[in-house]
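The structure under discussion appears below in the form of structure tokens.
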Amino acid sequence: MKTLTMTWQDSVAKEMLDQHLVKEIPLSPQRNYASMIVLRECHSTAVLTTEGTVLDVELVRSGEEQEDLISRVVLQKRKQVAPERRTGRAFNRQLEVGEKCDYMNEMCGKCPDCLIYGFAASKGEGAQRARVMTDSGFAIRSYDGMQRSITLNAIKDTSAGGVAGSAFAEREHIRPQVFFPTVESTVDVTSAEFMYILRNILTTTRYGAESNRQGYVKNHLVAVLFGSGELLSNLSLTQKVYDRLYAKTGDKIHEFPLSLSEVTEATHSAMNDALEESYLPFDRLVGEDLNKFLGNVRDLWKSEEGNQLWQEQLKSDQQEYISNRK
Ligand SMILES: [Zn+2]
């Protein structure tokens with residue numbers, strides 16, 4: 001394997017992020033936003049149910065121009081964040097950071113996960129509000145075309161011979177190649193912290209129930225927007241994307257799986273439209289610049305030294321914040 005020598009300090013990625021993000025974590029909100037527009041693409045069947053056997057759906061308008069009502073499968077907010085936090089926490093454990101942090105019982109209040117995604121107050125330590133914001137995502141097309149019921153034949157292995165007493169359960173699954181256009185926003189994070197959140201998004205591949213067996217999701221980063229607010233909601237983004245795809249294909253939109261390239265193109269166009277409507281200015285990281293940024297990020301994460309230096313920066317950013325906060 002090729003070993004890359006890289007430093008975080010003079011990486012292109014850091015340079016690009018430093019132009020927009022805060023140099024230190026502010027004690028009071030500055031509303032320095034970075035929004036990642038992410039297309040979440042299911043690569044296998046996935047179970048997106050809150051409880052029970054039926055997919056979470058919501059009745060909404062298909063587009064902003066197309067106003068007919070459709071039922072859309074919903075990718076709940078916590079179903080996006082929870083797996084991404086788990087990725088980050090596992091990464092921290094590898095680095096022996098926040099090992100005592102117990103997500104279910106007592107959070108440490110000091111590790112990157114607590115300080116970035118937030119934690120509730122416990123015993124004397126102040127709480128931290130989340131600096132990553134997400135919302136539930138919506139599938140582009142209607143529910144009818146993308147769900148499939150799969151009967152699970154669970155044989156009770158306790159019964160004699162393992163034959164008698166089969167239990168049948170039917171669960172609705174989402175089909176592969178369904179896209180959820182989503183925006184994940186960070187607020188008042190440093191460049192090193194942004195990299196931590198980005199790593200969790202780009203390297204998490206399992207979402208939904210029974211994710212050890214299915215639910216492979218590929219996250220495609222389409223753009224990053226820097227500004228003092230949020231540009232648009234997930235629903236609005238999805239509706240704008242739908243309008244663009246519908247304008248191209250009409251009712252045929254429901255017939256075949258969508259392609260990544262057409263959804264990406266529609267997402268760019270939807271974003272540009274929202275930028276024109278916006279009252280606030282945004283800087284965007286897209287196209288060749290985004291490719292350059294992501295290429296540099298890959299090199300950095302593959303380099304032991306690069307990783308280490310980035311981690312050191314993350315640690316010092318957060319330690320400074322903890323001591324300033326007191
Ligand atoms: Zn913690």
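The values are calculated or read from the model by the stated rules, or taken from the named source; none is laboratory data. Predicted model only: the values in this text are computed from it and were never measured. No Cβ is skipped: glycine too gets one built from the backbone with ideal geometry, and neighbour counts run over all protein chains shown.
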Quiz item: Which of the residues spanning the stretch 98-121 are within 23 Å of the chain's Cα centre (by Cα), closer than 22 Å to ALA192 by Cα, surrounded by fewer than 20 Cβ atoms within 10 Å (Cβ to Cβ) and more than 9 Å from the ligand (Cβ to nearest atom)?
Solution: GLY118
Quiz prompt | Matching residues, the stretch 56-84, being buried (at least 20 other Cβ atoms within 10 Å of the Cβ) and within 25 Å of LEU202 (Cα to Cα) | solution = ARG72, VAL73, VAL74, LEU75, LYS79, GLN80, GLU84
Quiz prompt | Looking only at the stretch 5-30, and only at residues there that are touching a helix residue (DSSP H, G or I) at 6+ places or on another chain (Cβ under 7 Å) and farther than 18 Å from PHE293 by Cα, the one that is surrounded by the fewest Cβ atoms within 10 Å (Cβ to Cβ) | solution = LEU27
Quiz prompt | From ARG93, ARG131, residue being of a type in the set (Lys, Arg) and either within 10 Å of the ligand (Cβ to nearest atom) or surrounded by 18 or more Cβ atoms within 10 Å (Cβ to Cβ) (or both) | solution = ARG131
Practice problem: Select, from ARG284, ARG298, the only residue that is closer than 26 Å to TYR33 by Cα and without any contact (Cβ under 8 Å) to a residue 24 or more places away in the chain. | Solution: ARG298
Practice problem: Could you tell me whether the stretch 30-40 includes any residue that is in a loop (DSSP other than H, G, I, E, B) and modelled with pLDDT under 90? | Solution: no
Quiz item: Consider TYR216 against the criteria (1) closer than 30 Å to CYS111 by Cβ; (2) modelled with pLDDT of 95 or more; (3) crowded, with 16+ Cβ neighbours inside 10 Å: it satisfies all of them except one. Which criterion is unmet?
Solution: (2)
Exercise. Sort out which residues of the stretch 249-295 are of a type in the set (S, T, N, Q) and in a helix (DSSP H, G or I), and write them in order of number.
Key: THR249, SER261, THR264, THR267, SER269, ASN272, ASN291
Quiz item: So which residues in the stretch 262-281 are under 14 Å from HIS220 (Cβ atoms) and in contact (Cβ under 8 Å) with a residue 24 or more places away in the chain?
Solution: VAL263, THR264, ALA266, THR267, HIS268, MET271
Quiz item: Of the residues VAL81, VAL54, VAL74, VAL60, which is assigned to a helix (DSSP H, G or I), more than 12 Å from the ligand (Cβ to nearest atom) and among the aliphatic types (A, V, I, L, M)?
Solution: VAL81
